[in-house]
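The values are calculated or read from the model by the stated rules, or taken from the named source; none is laboratory data. Since the model is a prediction, treat every value here as computed from it, not as a measurement. Cβ sites come from the backbone with ideal geometry, for glycine too, and all protein chains shown count toward neighbours. For accessibility, only protein heavy atoms count, side chains too; no ligands or nucleic acids. Shrake-Rupley method; radii C 1.70, N 1.55, O 1.52, S 1.80 Å.
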Amino acid sequence: MRSKAVPKTNPTRYRQCTETLRQIGDFKVNNIPTNGAIMTLLIKNATVITPGIKMQDAAILVEDGTIRRVFNKGEELPKSDDVFDAAGQMVVPGFIDMHFHGAMGYETTTDDPKAMPAIGKAKILEGVTDCCPTTLTLSEEKLAKALNHIEEYRKAPTGAEVIGTHLEGPYVNPECLGAQNPAYQRNPDTAEIKRLNAVSPVSVITYAIELPGALQFTEDLLAMGILPSCGHSNATAAQFQDGSRRGLRRLTHFCNQMTKLHHREIGLVGTGLCRKEVYIEMICDKIHLCPDMIDLIFRLKNLDHIILITDAMEASHLQPGKYQIGGLDVIVKDGAARLASNGALAGSILHMNDALKNVFEVTGLPLEELIRTTSLNQAQELGISDLGRIEAGFRANMVVMDNDFKVKQVFLRGKKQI
């Protein structure tokens, strides 16, 4: 909710309104309208980690929501309207989660208008400043209702900003459903996507390339500016190659619900490892991918084509127990979300900051190399030129973390969120 500007000619009334709005949780002093005045922020004593660069004792000047300059140690710092002392902690580009299904007991596909505001605030707490809420295999009617709520939130966000929607399904292989609802599985339908895209912008669609009509569907998506992504698929390497000739360059939650690597058929897993141009999503909770597999992938795959995601479901940020995903019962226990019916993994409860921590601990790679997998790669894939780096001209979306990767502060367009 956006608060209405209060006339400054009545300071007493202004303070009363500010306090009231703060109490109901829909207002932050950092978001007070400035009547067009340019505001500056200086983040000092920062360990800046941005793709390819690590700077100790650095400072970042933000002006009107944009990074204007990054200062090296010892350089004279300018005055600013606000100063944040990072106290030596890491400052990294705001995370972009391109694949998640919910948080705080809400699904992105629910018809409840309270869902996206709650989810958006939860994502901020794990350092996600920009996101693609992800749907499930459901009816067109349910998908349209969900996209309508996502669009309402996109226009007036109260947490992480929506940069597009990810449709996971409903065009999945019935042999690779995972936690997708079989009652709504169907073949690719371009006309349906055009209708849904008119409700709220769609950025990514996950589908099985081997389904009838999927090759033409791939071309149709690219013509609409939508990223095609192969997942929940039993395709052979040759079938993916057919799709790649039409523009397919992406694999959803790599290794999960796709054809495995075999010495006589490398499948989708082998394809993702062998083909440098293919982007792969990774759920690095050490459950969907064991530590050895995470290490192997990072050894073999070029870092500029790895996309860290959470695939988080409604139990994210909550305690273990009974939940749902797409109308299917889920049990969350021992850090994993599994279908009550057959034990299949049903999304995750992973947070983005923990995904980065896990990869850092498993691979031992420098953070200035790994950090591109949390934001820059996502931004480049989506064609967004001002996200993913802490450099002059980039959007001031940043995360402050301690040495244990705990999120201490988040800046969204230069404004504190925690």
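Quick one: Karplus J couplings for segment 397-407, per residue in order, coefficients 6.51, -1.76, 1.60, θ = phi - 60°, nearest Hz, x for Gly and Pro?
Working through the residues one at a time gives 9, 9, 10, 9, 10, 7, 5, 9, 6, 7, 6 Hz.
Loop only by DSSP, 15 or fewer other Cβ within 10 Å of the Cβ. Give me the GluC sites (Glu not before Pro) in segment 43-100 that pass, ordered by residue number.
Listed in order of number, the matching sites are Glu75, Glu76.
I need the Kirkwood Rh of segment 162-216: take the reciprocal of the average 1/r across all distinct C-alpha pairs and report it in angstrom.
11.8
Rounded to the nearest 500, what is the chain's calculated 222 nm mean residue ellipticity when only DSSP H runs of at least 4 contribute -39500 (n - 2.57) each, over all residues?
Computed mean residue ellipticity for the chain: -7500 deg cm²/dmol.
Less than 24 Å apart at the alpha-carbon level, and either on another chain or at least 8 residues along: which lysines does that give for Lys145?
Lys114, Lys121, Lys123, Lys155, Lys194
Report the antiparallel proportion of the DSSP beta bridges in the chain as a percent, rounded to a multiple of 5.
Given both bridge residues lie in the chain, the antiparallel proportion sits at roughly 55 percent.
Which of the three applies to segment 262-418, rounded, prolate or oblate, going by the alpha-carbon gyration tensor with a ≥ b ≥ c and a/c under 1.5 meaning rounded?
Cα axes put segment 262-418 in the oblate bin.
At 1.4 Å probe size, with every protein chain present, just tell me what the per residue accessible area of the chain comes to in Å².
I get 42 Å² per residue for the chain.
Can you work out the Karplus-derived ³J(HN,Hα) for every residue in segment 231-248? Use 6.51 cos²θ - 1.76 cosθ + 1.60 with θ = phi - 60°, whole Hz, and x for glycine or proline.
Using θ = phi - 60°, the values come out as x, 6, 10, 10, 5, 7, 4, 5, 5, 5, 4, 4, x, 5, 5, 8, x, 6 Hz.
How would segment 164-252 be classified by its alpha-carbon gyration tensor: rounded, prolate or oblate, with rounded meaning a/c under 1.5 and the a/b versus b/c comparison settling the rest?
Because a/c hits 1.5 or more and a/b fails to exceed b/c, segment 164-252 counts as oblate.
Tell me whether segment 102-245 comes out rounded, prolate or oblate; compute the Cα gyration tensor, take square roots of the eigenvalues as a ≥ b ≥ c, and use a/c under 1.5 as the rounded threshold.
prolate
Using a cut-off of 18 Å between alpha-carbon atoms, which aspartates and glutamates can reach Lys415, once sequence neighbours fewer than 8 places away in the same chain are excluded?
Asp26, Glu63, Asp64, Asp81, Asp82, Asp85, Glu126, Asp130, Glu161, Asp386, Glu391
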